[in-house]
């Protein structure tokens, strides 16, 4: 039998049709993880017994004539800041090792399991999600499947590496400043940061509560949509996700891009970037029929405000441990948290005030366009350990600069998809499709069109 082990939809169709046992899909995933996870350092726990038990349950349901769900038998893995019943939620930290195991799965983990997907493990990340490269002091760096000397991105680096390397077909991550989109770009994947409030964060260790998002990473738009549709919808246990109804995206993929108004973001979003990154964004914009280049007002200030907001909110969550256990933090995480904790409250207030004004300005921009195109990152995957990068004659801190183009859209909660574009080298690049609030369906339509036309798409690491 010919089988695409890397397509979630293909696996589910075979399992639901009785042509493939769920146990076989899990055993195949576990074998791939055993062979490949070590060199990538992307998994922090492999849940062999639990996964096999879930597979046996699904096979029994199918044998009894029941439908276990649209993702029946599909292996998946999650960033280790999502609660998983029976194991400790690390959130990339040393301190959390001392916590009690979670009593139940996070809301998004539960949603995928109810749909028949099978959790096979948890994934490496930056400590407390504060970073863009998954160079974790406690658990080691996650390596890029395209070049093991390079970063897989962060903070959901394990989520990106595991899917790109074919260990699992889908994964979940979180995104505060770009932590789904950056790994997606550097690992050549499709990654979705939904609108703020579209997907529940119940059972998730938060970094900055007013900015945190949850979303999927996948090798294809079809798989991305399948996961997203299962995650979205109201959840009374998450105050920011309590009322918004689900808006299924799957039927829109065949609708094409007719009548979509597309523009390329210029200025800030094309500066201090590698030339091939800029060329990729222009190519995607042209393929979607973009007729103009627009300026996103105050983008640089938005990045600065976002760094204040996330730093202050993040440090507040860890203040007690910062005072009593500073040596147990990753030094870079600790120093940034302490610096943010020392900021005057008036600065946080000013950043929040700017945030509201900036949101109104960008909403005005989206009155005339449906999709905005920008690069996802200014460069391809940087070498692990690289402290500085020089672009256009200017030198920047490497880790922070990776999120230059993602942060301005996070602080106002806009939906964004990073789509994979093949670079001039073997390293993939990413391009962002940005939309107005709750317009994920338009972005997914555009991404599906680009994938069908061969403009974007996953290319397996050699």
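Values in this text are rule-based calculations from the coordinates and carry no lab data. This one's a predicted model, so the numbers in the text were calculated from it and none came from an experiment. Every residue, glycine as well, gets a Cβ built from its backbone with ideal geometry; the counts of neighbours run over all protein chains shown.
Data for the structure
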quantity: FRET efficiency, residue 300 to residue 85 (Cβ-Cβ, R0 45 Å, nearest 0.05); calculated: 0.55
quantity: Semi-axis lengths, Å, the chain, gyration tensor of Cα atoms, sqrt of 5 times eigenvalues; calculated: 31, 26, 21
quantity: Contour minus Cα-Cα distance for residue 261 and residue 317 (0.36 nm per residue); calculated: 16.1 nm
quantity: Coordinate range along principal axes, alpha carbons of the range 1-90, Å, largest first; calculated: 38, 29, 19
quantity: Rg over Rh [alpha-carbon atoms, Kirkwood Rh] for the range 349-458; calculated: 1.01
quantity: Rel. contact order, % - alpha carbon contacts under 8 angstrom, at least six apart, the chain; calculated: 17
quantity: Label-point gap, in nm, between residue 19 and residue 97 - each point 7 angstrom along Cα→Cβ; calculated: 4.7
quantity: Counting DSSP beta bridges with both ends in the range 1-147, the antiparallel % (nearest 5); calculated: 50
quantity: Antiparallel bridges, percent of DSSP beta bridges restricted to the chain (to nearest 5); calculated: 70
quantity: Contact order normalised by residue count of the range 54-133, Cα under 8 Å, 6+ apart, percent; calculated: 36
quantity: 20 Å tail of the calculated P(r), the range 108-249, as % of Cα pairs; calculated: 42
quantity: Computed lengthening from residue 292 to residue 66, 0.36 nm per intervening residue step minus Cα-Cα distance; calculated: 76.2 nm
quantity: Pairwise Cα inverse-distance average, inverted: Kirkwood Rh of the range 361-416 (Å); calculated: 13.2
quantity: For the range 358-462: relative contact order, % (alpha-carbon pairs under 8 angstrom, 6 or more apart); calculated: 30
quantity: Extended-chain gain in nm, criterion 0.36 nm per residue less alpha-carbon gap, residue 57 and residue 283; calculated: 76.7 nm
quantity: Computed log₁₀ I(q)/I(0) - Debye formula, equal Cα scatterers, no solvent, the range 275-422, q 0.08, 0.10 Å⁻¹; calculated: -0.29, -0.45
quantity: Theoretical ellipticity at 222 nm over the chain - DSSP helices of four or more residues, -39500 (n - 2.57) apiece, nearest 500; calculated: -11000 deg cm²/dmol
